[in-house]
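Here the structure comes first, spelled out in structure tokens, and everything after it is commentary.
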Amino acid sequence: MDLSRLQEALTDLGISVQEVPTSFEEYLEKYAQAVGEEVNTFIPRGTHEDMDRYLYDPLMEYSKNGGKRHRPLICVAACAAVGGDIRKVISSAAAIEHFHTAALIHDDIADGATLRRGEPCLHLTQGVGMAINAGDLGLMLVNGSVMDDPLLDNDTKVRVVSELIAMTRRTIEGQALDLGWARDERYDITPEDYLVMATHKTAHYSGAVPLAVGAIIGGGSEAEIEALRNFGLDTGLAFQIQDDLLNIEGDPEVVGKDFCSDITEGKRTLMVVHALQNSPRRGRLIQILSSHAEDPQVLKEAVEIMRESGSVDFARGYAESLTSVAKIRLKDILEPSPARELLLSMADYFVKRLK
């Protein structure tokens, strides 16, 4: 595997302060493309040309439209934060990103989505069956990328794969709750229920596991590993809440066709379940969620119900509280370093990003 591009971009992360981005947003902007290219080197080629045509090429094209790559980049940052060799963490960072890709492909099918990052969803361009198969390939790459890495010793491989297996299970459990509540039109869901769902569905694989795995490979102490895991759980949950907020309160020009799609799909977001408990217009909100409304005026009415009940402010305040406490706890465990500062900046970015 050729690591030269990524090494050139990232080797100085924990060494030269002058080379480290001053914010997490700058970190993403500076290194997303480089780490994305490395992630894609883990997608193999087939033994028959039609395997490439029907499987590997579609996954490659989908993965190239990869967004901000925050998961592999925080895995790298965690490794650097405990003084590790970042060359050893690349396969695990790629594994988590391929899991994310697989989850998005399957989520879009389950949700009947049409666009992903401005492009038609894979099940629309390749067909449902082919998209499911490509998503399955992404899942295969999760453990395979780690087990085939010659830079990792066997004990580390086993520990990392165990982390990835647990991450996969938790994410699937969270997805089951999310889909099941919508399918069965459950309106008895509480904020506490939502937090369980979002922690499982998002926080483990978007925060906790990338950070813990980075620290494990970097040779961090058990205290450092668990501190980073807990930091990732809190900030990953805040990330999901902000995602939900942007869906209903973001700039429609930025959010695009996904704007208010959570309402159309009847998602039980933190704002929705809080409003169902606190709004005098609960019945009307249930009516809108049940109708899978697409009319902009009806969607706007649902958002107003959530605002009037204080649910939007409640969700925003909860996310900000999570990140504030998480930063304090991380400072208590990790020694000061440029990589630690990046992770602290990440917490703020997760609740202040606009897309």
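The values are calculated or read from the model by the stated rules, or taken from the named source; none is laboratory data. Predicted, not measured: the structure shown is a model, and the values here were computed from it. Reconstructed Cβ throughout: ideal geometry from the backbone, glycine too, with neighbour counts over all protein chains shown. Side chains included, ligands, DNA and RNA excluded: accessible areas come from the protein's heavy atoms. Shrake-Rupley method; radii C 1.70, N 1.55, O 1.52, S 1.80 Å.
Structural remarks
- Distance between the modelled labels on Ala110 and Val298, one decimal in nanometres: 2.5 nm (7 Å Cα→Cβ projection).
- Spacing of the modelled spin labels on Asp85 and Arg117, each 7 Å from Cα toward Cβ, amounts to 3.1 nm.
- Rel. contact order, % - alpha carbon contacts under 8 angstrom, at least six apart, the chain: 20 percent
- Note on the chain: helix-only mean residue ellipticity at 222 nm, from DSSP H runs of 4+ residues weighted -39500 (n - 2.57) and normalised by residue number, equals -22000 deg cm²/dmol.
- Largest accessible area first, the residues Arg69, Arg116 order themselves as Arg116, Arg69 under a 1.4 Å probe with ligands, DNA and RNA left out.
- Around the Cα centre of the chain, unit charges on the Cβ atoms of Lys, Arg, Asp and Glu (plus for the first two, minus for the last two) sum to a dipole of about 440 debye.
- Sulfur and carbon atoms: percent of accessible area, the chain [1.4 Å]: 50 percent
- The label-point distance for Asp136 and Glu26, in a model that sets each label 7 Å from Cα toward Cβ, rounds to 4.6 nm.
- Ranked packing of 239-252, 52-65, 177-190, most packed first, by mean Cβ within 10 Å: 239-252, 52-65, 177-190
- Peptides ranked, highest mean first, by Cβ atoms within 10 Å: ranges 120-131, 71-82: 71-82, 120-131
- Other-chain or far-sequence residues with amide H under 5 Å of Leu115's (modelled H): Cys121
- Overall form of segment 19-114 per C-alpha gyration tensor (a/c, 1.5; a/b vs b/c): prolate
- FRET efficiency, 1/(1 + (r/R0)^6) with R0 35 Å, evaluated for Lys352 and Arg53 via beta carbons: 0.25
- Long pairs among Lys157/Lys267; Lys64/Lys331; Lys201/Lys327; Lys201/Lys300; Lys300/Lys331, criterion Cα-Cα beyond 30 Å: Lys157/Lys267; Lys64/Lys331; Lys300/Lys331
- D_trans [Stokes-Einstein, Kirkwood Rh over alpha-carbon pairs] for segment 257-355, 4 °C, 1.567 mPa s, µm² s⁻¹: 84 µm²/s
- For segment 111-200: rounded, prolate or oblate by the Cα gyration tensor [a/c cutoff 1.5]: oblate
- Candidate lysines - alpha carbon under 18 Å from Lys68, same-chain residues fewer than 8 apart omitted: Lys30, Lys352, Lys355
- Across the options Ile74, Leu137, Ala182, the greatest Cα extent toward the positive end of the charge dipole of the chain (unit charges at beta carbon of Lys, Arg, Asp, Glu) belongs to Ala182.
- Span-rule helices in the chain, defined as complete DSSP H runs reaching 15 Å or more along the axis (Cα) with Kyte mean at least -0.5: 70-81, 90-111, 128-147, 154-183, 222-249, 296-308, 311-333, 338-352
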